[in-house]
Amino acid sequence: FGADKTDNTPHFFNIGGIDVQCYFSPSDKTTSKIIEVIDNAQESLEFALLVFTENTLGTAVLDAHNRGVDVRGIVDYTDYSGDEYHYLLDNGVNVLEYENADGSQWPIGATLHHKYAVIDQDTENAVLVTGSHNWSASGESRNDENTLIIHDRNLANLYYQEFSKRFDELLALSSNDIISKNELIIYPNPAQKSFNIKAAANGTYRIFNLQGKIQDVGKIKQGVNQLNVDLTNGLYIVEVQSKNQTYRSKIIID
């Protein structure tokens, strides 16, 4: 129902002695609730996200870093228009870009599809934020999403352990293990019914869905190519082959 929904459900629960908050997007102003949790962080903040483009959340994370909170983050897709990853990285925040630890590429490799944050996990005030809400403008204002804010040290610690394992794996990857960034440029991103591919040479393209099934194929020329696509909303992989080289990049159809 998107923006047609109303804020008509309870938000505060106690489940087995655990305080839980529940919010739905876009009716419940979910981003502001996540910001409140980040603003209350005293010791630590870890987050793992598919996409991070919501400016107000980026500001909240940087503010936490600047007041001395130990901030670490993993972001999978850092090529969105207006992504917060580079903003945080440029301001000294300890954020890493996700790469498949086994070196695999799409459509075989995995994506980091998380949307969670762990706050003050080693204290009695530990909080876990999780759900389907992407930290993006669409997650806040258009999509049907859910968010749970769970005030429980044990659950927060379980997510913290998973986060730490992924973070340590990324740190351990040598430059030879990481799939190098290619010169394939796709914009705008996210896109709707059309987007541009800027290619260094003539070649062919294929678009895969998350299950690795080909959704579209065609030829491209050197320079800027506009593609009109008939794809449902979601994450896709664009593969371009030219001069015996294969390049891959991600795109969101929103």
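The values are calculated or read from the model by the stated rules, or taken from the named source; none is laboratory data. Predicted model, so just to flag it, every value in this text is computed and none were measured. Quick reminder, even Gly has a Cβ in these numbers, built from the backbone with ideal geometry, and neighbours come from all protein chains shown. SASA here: full protein model, heavy atoms, side chains in, ligands and nucleic acids out. Shrake-Rupley method; radii C 1.70, N 1.55, O 1.52, S 1.80 Å.
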Treating the beta-carbon of each Lys and Arg as +1 and of each Asp and Glu as -1, no other charges, what is the dipole magnitude of the stretch 1-97 about its Cα centre, to the nearest 20 debye? 240 debye
What ³J(HN,Hα) values, in whole Hz, does the Karplus curve 6.51 cos²θ - 1.76 cosθ + 1.60 give for the stretch 154-162 when θ = phi - 60°, with x put for Gly and Pro? 5, 5, 4, 5, 4, 5, 4, 4, 5
Helical mean residue ellipticity (222 nm; -39500 (n - 2.57) per DSSP H run of 4+; nearest 500) of the chain: -6500 deg cm²/dmol
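Can you work out the accessible area per residue across the chain, with the rest of the protein chains kept in place, probe 1.4 Å, in square angstrom?
Details: 12830 Å² over 254 residues.
Accessible area per residue, the chain: 51 Å².
May I ask you to compute the full-extension gain from Asn233 to Ala200, defined as 0.36 nm times their residue separation minus their alpha-carbon distance, rounded to one decimal in nm? Can you show the working numbers first?
Values: separation 33, 0.36 × 33 = 11.88 nm, distance 2.79 nm.
Fully extending the segment from Asn233 to Ala200 adds 9.1 nm.
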Quick one: which residues, 5+ away or cross-chain, put their amide H under 5 Å from the amide H of Asp216? H built at 1.01 Å from N. Ile207
His86 accessible area, 1.4 Å probe, all protein chains in place, Å² to nearest 10: 80 Å²
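Show me 121-131, 234-244 ranked by packing, highest mean number of other Cβ atoms within 10 Å first. Kindly include the intermediate steps, with their values, before the conclusion.
Numbers: 121-131: 18.4, 234-244: 16.7.
The densest-packed peptide leads the list: 121-131, 234-244.
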For the stretch 1-147: relative contact order, % (alpha-carbon pairs under 8 angstrom, 6 or more apart): 31 percent
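What is the sum of charges, Lys and Arg at +1 and Asp and Glu at -1, for the other residues whose Cβ falls under 13 Å from the Cβ of Ser32? Each step should come with its number before you reach the end.
Numbers: positive: Lys29, Lys33; negative: Asp7, Asp28, Glu36, Asp39, Glu54, Glu140.
After counting each charged neighbour, the total is -4.
Could you check how much of the accessible area of the chain is carbon and sulfur, as a whole percent, using a 1.4 Å probe?
About 47 percent, which is the carbon plus sulfur part of the accessible surface.
Relative to the compact-globule scaling 2.2 N^0.38 Å, provide the ratio for the alpha-carbon radius of gyration of the stretch 111-254.
Details: Rg = 19.2 Å, N = 144, 2.2 N^0.38 = 14.5 Å.
Relative to the 2.2 N^0.38 Å estimate, the stretch 111-254 comes out at 1.32.
So, with +1 on the Cβ of K and R and -1 on the Cβ of D and E, and no other charges, what is the size of the charge dipole of the stretch 121-254 about its Cα centre, to the nearest 20 debye? Spell out each step's value before the answer.
Numbers: 14 positive and 15 negative charges, 189 e Å.
For this selection, approximately 900 debye.
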What list of whole percents do you get for P(r) of the chain, with Cα-Cα distances grouped in 10 Å bins up to the one holding the largest distance? 7, 28, 33, 22, 9, 2, 0
P(r) of the stretch 12-126 over all Cα-Cα pairs, 10 Å bins starting at 0, rounded to whole percent, reads 13, 41, 32, 13, 1
Each residue of the stretch 2-18 in turn: what ³J(HN,Hα) in whole Hz from Karplus with 6.51, -1.76, 1.60 and θ = phi - 60°, glycine and Pro shown as x? x, 5, 6, 5, 10, 7, 10, 10, x, 10, 10, 9, 10, 10, x, x, 9
Leaving out ligands, DNA and RNA but keeping every protein chain, what accessible area does Ser249 have, in Å² rounded to the nearest 10, with a 1.4 Å probe? 20 Å²
Between Leu158, Gln226, His114, whose Cα lies farthest towards the positive end of the dipole of the chain when Lys and Arg beta carbons carry +1 and Asp and Glu beta carbons carry -1, centred on the Cα centre? Gln226
